[in-house]
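A short write-up of the structure that comes next.
No value in this document is a laboratory result; all are computed from the given coordinates. In this text the structure is predicted, and so the values were computed from the model without any measurement. Here the Cβ positions follow ideal geometry from the backbone for every residue, glycine too, while neighbour counts run over all protein chains shown.
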Amino acid sequence: MKKKELQSFKNKPLVELDKELRMNRERLNSLRLDLSLGKVKNISEIRKIKKSIAQFLTLKRLIKQPASKTKSDIAS
């Protein structure tokens with residue numbers, strides 16, 4: 001996922017993030033199944049899907065996290 005796409009999701013509600021996350025997980029499961037059956041030609045797509053799932057989870061965690069914590073508070 002490109003940086004601009006990720007930035008656009010920061011302004012969207014959590015419901016849309018969850019929806020996109022669910023779609024990516026379903027896509028990953030189908031790719032894994034196809035890989036075991038020998039149908040997948042582009043294996044790097046699995047890595048891209050896993051990376052985008054991690055980015056969505058991180059973004060979701062940052063949105064839910066209280067805004068009062070800053071880097072200086074965490075470092076102390």
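Observations, loosely collected:
- Pairing residues of the range 20-34 that are among the acidic types (Asp, Glu) with residues that are surrounded by 13 or more Cβ atoms within 10 Å (Cβ to Cβ) and in a helix (DSSP H, G or I), at Cβ distances under 8 Å and at least 6 apart in sequence or on separate chains, gives Glu20/Phe9; Glu20/Phe56.
- Per the listing Lys19, Lys12, the residue uniquely assigned to a loop (DSSP other than H, G, I, E, B) and surrounded by 11 or more Cβ atoms within 10 Å (Cβ to Cβ) is Lys12.
- For the range 22-45, the candidate set comprises residues that are small (Gly, Ala, Ser) and either within 19 Å of Lys60 (Cβ to Cβ) or more than 20 Å from the chain's Cα centre (by Cα) (or both); within that set, the residue that is surrounded by the fewest Cβ atoms within 10 Å (Cβ to Cβ) is Gly38.
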